[in-house]
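Below is one structure, written out as structure tokens; the observations come after it.
We did not get these values from a lab; they are worked out from the coordinates using the rules stated. Here the structure is a predicted model, which means the values were calculated and not measured. Note that each Cβ is placed from the backbone with ideal geometry, even for glycine, and that neighbours are counted across all protein chains shown.
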Amino acid sequence: MHRRAARLLDDYVSGALSRREASRIEDHVAVCAECRRTLGELRKTVELLQRLRGGLECPDVADAVVARVRRGEADTSVWDRWSARASRFLAGPLGAPLATAAVGLLLFAVLPRLEVEISIPGRDGSTSVLAGPTLPSTESAPQARRTTSAPLLARRVNESLTQPPRSMSFTCFESSSVESCRDQHALMTRLAMDNVWAFLAQIEQVPEPRRDVWLSGLSRYAADAGAAADVAARLRATGDPRAQRLAIRFEEVR
Amino acid sequence: MSHPRMAAVTHPLFDRTRSIPDAELAGSADPDRELVVRWRRGELDAFAALVRRHQRRVFGLLLRMLGNREEAEDATQDTFLNLHRHGHRFRFESRFSTFVYRVAVNAALNRRRSLGRRRSQVEAFTEAQSIGQLAPAAGSDPEASLLGDRLRARLTSELLALPEALRAPVILFDIEGLSYGEISEVLEVAEGTVKSRIHRARQALRARLRDLVAAPESGS
């Protein structure tokens with residue numbers, strides 16, 4: 001009974017117990033010193049809180065509020081009105097099927113077309129960070145955490161031939177270890193170079209205006225990465241005249 | 001509707017919502033019913049009367065929730081502006097005063113969120129100090145020396161020290177005198193949750209106010 005009574009003392013003080021339960025609590029409290037003390041403290045706590053009732057000097061805000069209403073401050077914004085309508089619509093019979101269709105569209109039609117361009121934290125601009133699968137040196141890695149380099153191509157090129165790349169930062173946090181930062185860098189570099197090769201293999205399929213964007217980016221990465229020879233060979237293997245010209249330029253530089 | 005500005009202000013709230021048939025309101029015993037109905041018809045005077053009727057309780061609740069007089073006054077105004085803005089959502093399914101409390105609690109939470117918890121607490125402490133000393137006087141009967149403003153300040157500061165989830169239920173139950181059911185509607189949580197939060201809040205307050213509530217040792 002003691003444990004049950006201890007649990008119900010709060011309800012007893014609140015007057016939330018039935019008469020029968022209340023009388024059982026009273027019987028118990030009469031013989032249990034601990035519950036008697038707890039009940040006394042609880043009653044006193046509630047009495048103290050009740051002393052906060054009233055006694056406040058309350059400002060009259062009615063005139064100020066009505067003036068603000070007249071100034072239009074309580075009008076709903078266009079956004080509020082539209083969001084309320086949207087909520088009502090989504091709660092309606094057509095809401096669930098349409099929301100499902102929208103999510104499906106997003107997953108299967110929009111997301112696969114998104115391209116991501118990744119910046120790899122590297123050294124300053126004059127130093128290569130795109131050395132293919134080569135890892136940055138241990139000494140430069142801590143510094144690399146605070147700087148960003150030229151962007152890299154990433155994601156599947158064949159899924160995104162018509163959209164310009166979008167920027168996304170690759171960041172090694174100060175808290176991550178040098179090793180994990182280097183591993184991430186190597187992985188992203190490898191992905192990026194894989195996509196460079198994938199792009200070159202499909203360059204004929206890329207619409208002309210988009211090719212120029214990719215090729216100019218590509219030449220910059222290749223030069224920065226010291227992968228010019230590799231890139232030049234692959235450029236030469238394509239049938240694109242501009243790629244051929246780029247290949248010649250790379251070879252001259254080399 | 002003599003003034004064009006009046007029309008612009010009062011119409012949108014009522015035009016965009018379904019008007020409530022009188023039959024729907026007929027069975028309601030809500031003492032605010034008549035004023036609410038007039039307000040819904042676009043009478044700003046009725047709205048002003050509702051503000052005057054409820055502002056004291058709203059201000060009291062907000063002062064205890066926020067711990068700062070100026071913030072509480074601003075939040076009181078925000079409460080009634082939001083009430084005017086979203087009043088069309090009230091369907092007389094509960095008492096109007098419960099609906100007002102719900103808007104007020106939301107205004108307090110929004111205000112705390114926008115101010116940041118830290119700033120509010122610092123200001124709350126300053127506010128409580130400005131009302132009176134927080135600590136009980138040493139060497140005297142604690143309760144007798146903490147009457148009036150000093151006791152209020154102490155209680156206010158102890159309430160502010162409670163977690164937000166526990167503070168609102170205990171204020172609404174023990175100070176504002178709402179029922180479990182009404183608090184459940186105001187806070188939009190189950191009645192069982194309300195009871196448990198009140199229980200935890202009282203336990204915490206009992207521990208913090210031990211110097212005031214503990215019975216003297218027998219025989220001493």
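In whole angstrom, how far apart do the alpha carbon centroids of the range A:42-90 and the range B:45-100 sit?
3
Apply 1/(1 + (r/R0)^6) to the Cβ-Cβ distance of A:Ala229 and A:Ala109, taking R0 = 35 Å, and write down the FRET efficiency to the nearest 0.05.
Details: r = 40 Å, r/R0 = 1.13.
With a Förster radius of 35 Å, E is 0.30.
Around B:Asp32, what is the net charge, scoring Lys/Arg as +1 and Asp/Glu as -1 over all other residues with Cβ under 10 Å from its Cβ?
Working: positive: B:Arg33, B:Arg53, B:Arg95; negative: B:Asp30, B:Glu34.
Taking every Cβ under 10 Å from that of B:Asp32, the sum is +1.
Arrange A:Val206, B:Val100 by Cβ neighbour counts within 10 Å, fewest through most, would you?
Values: A:Val206 20, B:Val100 25.
Fewest-to-most Cβ neighbours within 10 Å comes out as A:Val206, B:Val100.
Report the net charge of residues surrounding B:Arg52, where surrounding means a beta-carbon distance below 10 angstrom and charges are Lys +1, Arg +1, Asp -1, Glu -1.
Working: positive: B:Arg53, B:Arg56; negative: A:Asp60, A:Asp63.
So the surrounding residues net to 0.
Only counting other Cβ atoms within 10 Å, I'd like B:Met65, A:Met188 sorted with the fewest neighbours first.
Numbers: B:Met65 27, A:Met188 18.
Arranged by neighbour count, lowest to highest, B:Met65, A:Met188 become A:Met188, B:Met65.
Neighbour counts of other C-beta atoms within 10 Å: give me B:Ser184, A:Ser83 arranged from fewest to most. Spell out each step's value before the answer.
On the way: B:Ser184 19, A:Ser83 12.
Ordered from fewest to most neighbouring Cβ atoms within 10 Å, B:Ser184, A:Ser83 come out as A:Ser83, B:Ser184.
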